[in-house]
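Trainee: Can you keep this structure in mind? I'll have questions shortly.
Just so you know, all these numbers are worked out from the coordinates, no wet-lab data involved. Here the structure is a predicted model, which is why all the values come from computation and not from measurement. Glycine also receives a Cβ, built like all others from the backbone with ideal geometry; neighbour counts cover every protein chain displayed.
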Amino acid sequence: DTAVSQTPKYLVTQMGNDKSIKCEQNLGHDTMYWYKQDSKKFLKIMFSYNNKELIINETVPNRFSPKSPDKAHLNLHINSLELGDSAVYFCASSSRETSTDTQYFGPGTRLTVL
Amino acid sequence: DQQVKQNSPSLSVQEGRISILNCDYTNSMFDYFLWYKKYPAEGPTFLISISSIKDKNEDGRFTVFLNKSAKHLSLHIVPSQPGDSAVYFCAASAYGTDKLIFGTGTRLQVFP
């Protein structure tokens, strides 16, 4: 009965590769987010989607491309990975019908770029 | 520019006593505040929230206090339990912005 799930949990890859992280929520929410937690533990929003439409793009390099095939999924594709992309990436979701601001997070994907 | 600050990176409290975690913010447009708890290798878990129209919200052992004039909020845990040991993040949002701004977290350790 996982609410927000992400795959994979760990991802180790070489610089220059392209990789994807998948996120799914079964809460019936209409808004989904990607956050990045860097080595200093800052948790910062990257993107948000509402009903498959991009709402927020926080000046993230265009090597990062989110894709939302439906309301329950928000995937993150990263091209030409760089060392600085190493971080933990969290997916989250919320519902505008109740409260946009209470967001529920997935377990995170730890990305290591070598 | 860190709009949400948690100035204490760590806090150690004895089991059964009160834990008080503090958070300050600078943006007067914030109108909704949340506390999340995070265990290692897991995502943040929503704990409790408060709207700017209130100054207190209570849920079991957890109480959040909001002082708008001081732009300060705090989370009280009474009584503290060893299972409360985790990193606690304060977060804030402004109406209609759809995004949470997080503090840097406070690591709480509750010892027997």
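Trainee: In nm, give the distance between the simple-model label positions of B:Gln109 and B:Glu42, each being 7 Å from the Cα along the Cα-to-Cβ direction.
Mentor: A separation of 1.9 nm, rounded to one decimal place.
Trainee: On to the next question. Any of B:Lys5/B:Lys71; A:Lys41/B:Lys54; A:Lys44/B:Lys99; A:Lys36/B:Lys99; B:Lys37/B:Lys68; A:Lys36/B:Lys37 with alpha carbons more than 20 Å apart? Name them for me.
Mentor: A:Lys41/B:Lys54; B:Lys37/B:Lys68
Trainee: Under a 10 Å cutoff between Cα atoms, tell me which one of A:Lys19, A:Lys71, A:Lys40 has the largest fluctuation in the Gaussian network model of chain A.
Mentor: Judging by the Gaussian network model, the answer is A:Lys40.
Trainee: Taking only the alpha carbons of segment A:61-114, what extent do you get along each of the three principal axes, in Å, biggest first?
Mentor: 41, 21, 16
Trainee: Let me ask something else about it. Where q = 0.07, 0.10 Å⁻¹, what log10 of I(q)/I(0) comes from the Debye formula for the protein assembly as shown, counting one point per Cα?
Mentor: Log-scaled intensity ratios, in q order: -0.22, -0.45.
Trainee: Could you tell me the center-to-center distance, by alpha carbons, between segment B:6-21 and segment B:53-112 in angstrom?
Mentor: Their Cα centres are 12 Å away from one another.
Trainee: Another question about this same structure. Step through the residues of segment B:13-20 one at a time and calculate ³J(HN,Hα) from phi using the Karplus curve (6.51 cos²θ - 1.76 cosθ + 1.60, θ = phi - 60°), rounding each to whole Hz and writing x for Gly and Pro.
Mentor: 9, 7, 3, x, 8, 8, 9, 10
Trainee: So, one more: Determine the sum of side-chain charges near B:Lys54: Lys and Arg each +1, Asp and Glu each -1, restricted to other residues whose C-beta is under 13 angstrom from that of B:Lys54.
Mentor: Net of charged neighbours comes to -2.
Trainee: Okay, moving on. Per-residue mean of other chain beta-carbon atoms within 10 angstrom of the beta-carbon, peptide B:42-55? Write out the running numbers ahead of the final one.
Mentor: Details: counts 4, 14, 10, 2, 6, 0, 1, 3, 0, 2, 0, 0, 0, 0.
The per-residue average across the peptide is 3.
Trainee: So how many Å³ per residue does the convex hull of the Cα atoms of segment B:1-40 work out to?
Mentor: Convex hull of Cα atoms, per residue: 115 Å³.
Trainee: From the phi of every residue in segment A:73-84, what ³J(HN,Hα) in whole Hz does the Karplus formula 6.51 cos²θ - 1.76 cosθ + 1.60 yield, where θ is phi - 60° and glycine or proline is x?
Mentor: In residue order, the calculated couplings are 10, 9, 9, 10, 10, 10, 9, 6, 4, 10, 4, x Hz.
Trainee: Averaging sequence separations of C-alpha pairs under 8 Å and six or more residues apart, then dividing by the length of chain A, give the relative contact order as a whole percent.
Mentor: Working: 284 pairs, mean separation 41.7, N = 114.
This gives 37 percent for chain A.
Trainee: Here's a follow-up. Mean 1/r over all different Cα pairs, inverted: what Kirkwood radius does chain A give, in Å?
Mentor: Averaging 1/r across every pair of different Cα atoms and inverting gives 14.0 Å.
Trainee: How much net charge surrounds B:Phe65 when only other residues with a Cβ under 15 Å from its Cβ are counted (Lys, Arg +1; Asp, Glu -1)?
Mentor: Details: positive: B:Lys54, B:Lys56, B:Arg61, B:Lys68, B:Lys71; negative: B:Asp24, B:Asp55, B:Glu58, B:Asp59.
So the environment of B:Phe65 carries a net charge of +1.
Trainee: In a solvent-free Debye calculation with one equal scatterer on each Cα, what is log10 I(q)/I(0) for segment B:4-111 at q = 0.14, 0.15, 0.16 Å⁻¹, listed in the order of the q values?
Mentor: The computed values of log10 I(q)/I(0) come out as -0.50, -0.57, -0.65.
Trainee: Select from B:His76, B:Gly43, B:Phe102 the residue farthest towards the positive end of the dipole of chain B; place +1 on Cβ of Lys and Arg, -1 on Cβ of Asp and Glu, and compute about the Cα centre.
Mentor: It is B:His76.
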